[in-house]
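Colleague: Shown below is the structure under consideration.
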Amino acid sequence: MKLSLNSLYIVSTPIGNLDDITFRAIEVLKNCDIVLCEDTRRSLKLFNHLKIKKKLISYHKFNEKKQLSNVIEYINQGKILSLISDAGTPLLSDPGRILINQCIENKIKIVPIPGVSSITTAMSVSGFRDQFLFYGFLPKTENEIEKVLFSLSQNSFSQIFFIPALKINFYLKKFKKHFSGRKLLIAKELTKIHETFFRGNIDDLKIFKDRIKGELTVIISEKNLKKKAFDKEKIVNKAKKYLKKYSLRDTVDLILETETINKKEVYKLCLKEKNEKNS
């Protein structure tokens, strides 16, 4: 396989099972000059499995700005570089955006090598509607979390998050508060021997008693937009109660404060009840 000189390859790697790598990804990693990786020790396990010897350079969120000029210089020297993350598709909640933008600015060729992603892997077995939003890791501060989840809860699409396993109980409480009525999928150790899925209604899910480790992929289902059945008897009973004290207009407004139903239907029922009361 012939690679393009002066190029950066964005190579997807397995998220668990090391055999989930594509033939093309293997060929790129074999034939490039340098591989940028988050954790060289972790990446070395993959390269040993593939029996590939390559120069690995640490490139992570804490040093990406510092390494940027060196990386661009390598490419300008005619080197072929690959960027990989610890697992999955690079740049999705992983470092690399700064480098990509710098390559775009310098007209350096960027080549994506597609492959595994925990986002699409979990989504494919969720059973939820496939119009989805990927958020990634939530903010760390309480106020920011509340703001973000409130905003996201207004959206009807399925939503995907990365959650540190040690904090899953904390986030479950937040999800119950903001996404009541929806379903939830928690994917643990995707593609590994102990791959596990926890499914259920958000309101019914209990906290985890045993401590779990790693990183979880959590999917919240789409919002149920079906209109609630019109409970005629319930509305009539409320109308009878409120019309004893309030006007027709105020009665309708009071009912609509607690019932998400058609205003015209409520008005007709209240008017009928008022007329019967006065007849």
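Colleague: Tally up the residues in the stretch 146-163 that are at pLDDT below 95 and touching a Phe, Trp or Tyr at 6+ places or on another chain (Cβ under 9 Å), please.
Modeller: Matching residues across the stretch 146-163 total 1.
Colleague: Something else: Go through the stretch 46-66 and count every residue that is within 32 Å of the chain's Cα centre (by Cα), under 21 Å from A87 (Cα atoms) and touching a residue at least 12 places away in the same chain (Cβ under 8 Å).
Modeller: Here is the first cut: in the stretch 46-66, the residues within 32 Å of the chain's Cα centre (by Cα) are 46-50, 56-66.
Then keep just the ones that are under 21 Å from A87 (Cα atoms); that gives 46-50, 56-64.
Okay, now just the ones that are also touching a residue at least 12 places away in the same chain (Cβ under 8 Å), so 46-47, 49-50, 56-61, 64.
Qualifying residue count for the region: 11.
Colleague: Now, a different point. How about the stretch 43-81: which of its residues are among the polar types (S, T, N, Q), exposed (fewer than 13 other Cβ atoms within 10 Å of the Cβ) and under 25 Å from G16 (Cβ atoms)?
Modeller: N48
Colleague: Would you mention how many residues in the stretch 180-194 are touching a residue at least 40 places away in the same chain (Cβ under 8 Å), under 17 Å from A165 (Cβ atoms) and in contact with a strand residue (DSSP E or B) (Cβ under 7 Å, 6 or more places away or on another chain)? Break it down into steps so the answer makes sense when it comes.
Modeller: Quick first cut of the stretch 180-194, residues touching a residue at least 40 places away in the same chain (Cβ under 8 Å) only: 181-183, 185, 187, 189-192.
Those still in the list that are under 17 Å from A165 (Cβ atoms) too: 185, 187, 189-192.
When the remaining residues are screened for being in contact with a strand residue (DSSP E or B) (Cβ under 7 Å, 6 or more places away or on another chain), the result is 185, 187, 189-190.
Count: 4.
Colleague: Regarding K51, is this residue among the basic types (K, R) and on the phi > 0 side of the Ramachandran plot?
Modeller: Details: among the basic types (K, R): yes; on the phi > 0 side of the Ramachandran plot: yes.
The answer is yes for K51.
Colleague: Of the residues K263, K206, K213, K277, which single one is within 27 Å of L152 (Cβ to Cβ) and in contact with a helix residue (DSSP H, G or I) (Cβ under 8 Å, 6 or more places away or on another chain)? If you could, list the steps in order and put the result at the bottom.
Modeller: Numbers: K263 fails: within 27 Å of L152 (Cβ to Cβ); K206 fails: in contact with a helix residue (DSSP H, G or I) (Cβ under 8 Å, 6 or more places away or on another chain); K277 fails: within 27 Å of L152 (Cβ to Cβ).
Going through K263, K206, K213, K277 in turn, just one is within 27 Å of L152 (Cβ to Cβ) and in contact with a helix residue (DSSP H, G or I) (Cβ under 8 Å, 6 or more places away or on another chain): K213.
Colleague: Quick test for you: out of I84, I100, pick the one residue that is crowded, with 16+ Cβ neighbours inside 10 Å and over 22 Å from D20 (Cα atoms).
Modeller: Values: I84 fails: over 22 Å from D20 (Cα atoms).
The conditions single out I100.
Colleague: Quick check on K53: is it out of contact with any His (no Cβ under 6 Å at 6 or more places or on another chain), at pLDDT below 95 and farther than 21 Å from I98 by Cα?
Modeller: Values: out of contact with any His (no Cβ under 6 Å at 6 or more places or on another chain): yes; at pLDDT below 95: no; farther than 21 Å from I98 by Cα: yes.
In short, no.
Colleague: Also: Could you check how many residues of the stretch 38-53 are closer than 19 Å to P95 by Cβ and either basic (K, R) or not in a helix (DSSP H, G or I) (or both)?
Modeller: So the first thing to find is which residues in the stretch 38-53 are closer than 19 Å to P95 by Cβ, and the list is 38-44, 46.
Subset that is either basic (K, R) or not in a helix (DSSP H, G or I) (or both): 38-39, 41-42.
Number of matching residues: 4.
Colleague: Does D253 satisfy the condition of being farther than 30 Å from L138 by Cα, free of Cβ contacts under 8 Å to residues at least 12 places away in the same chain and surrounded by fewer than 14 Cβ atoms within 10 Å (Cβ to Cβ)?
Modeller: Working: farther than 30 Å from L138 by Cα: yes; free of Cβ contacts under 8 Å to residues at least 12 places away in the same chain: yes; surrounded by fewer than 14 Cβ atoms within 10 Å (Cβ to Cβ): no.
Against the criterion (farther than 30 Å from L138 by Cα, free of Cβ contacts under 8 Å to residues at least 12 places away in the same chain and surrounded by fewer than 14 Cβ atoms within 10 Å (Cβ to Cβ)), D253 does not qualify.
Colleague: Can I ask one more? Taking into account only those residues within the stretch 122-134 that are among the polar types (S, T, N, Q) and under 24 Å from L149 (Cβ atoms), which is surrounded by the most Cβ atoms within 10 Å (Cβ to Cβ)? First the steps, then the outcome.
Modeller: At the first step, the residues of the stretch 122-134 found to be among the polar types (S, T, N, Q) are 124, 126, 131.
Next cut, under 24 Å from L149 (Cβ atoms) only: 126, 131.
On the way: S126: 21, Q131: 9.
Selected residue: S126.
Colleague: Moving on to the next point. Looking at F162, F175, F179, F198, which is the one that is under 30 Å from E265 (Cβ atoms), within 18 Å of the chain's Cα centre (by Cα), surrounded by 14 or more Cβ atoms within 10 Å (Cβ to Cβ) and not assigned by TED's automatic domain parsing to the domain that holds Y267? Before the answer, list the steps.
Modeller: Details: F162 fails: under 30 Å from E265 (Cβ atoms); F175 fails: under 30 Å from E265 (Cβ atoms); F198 fails: under 30 Å from E265 (Cβ atoms).
Testing whether each residue is under 30 Å from E265 (Cβ atoms), within 18 Å of the chain's Cα centre (by Cα), surrounded by 14 or more Cβ atoms within 10 Å (Cβ to Cβ) and not assigned by TED's automatic domain parsing to the domain that holds Y267 leaves just F179.
The values are calculated or read from the model by the stated rules, or taken from the named source; none is laboratory data. Here the structure is a predicted model, which means the values were calculated and not measured. Ideal geometry is used to build each Cβ from the backbone, glycine not excepted, and the neighbour counts take in all protein chains shown.
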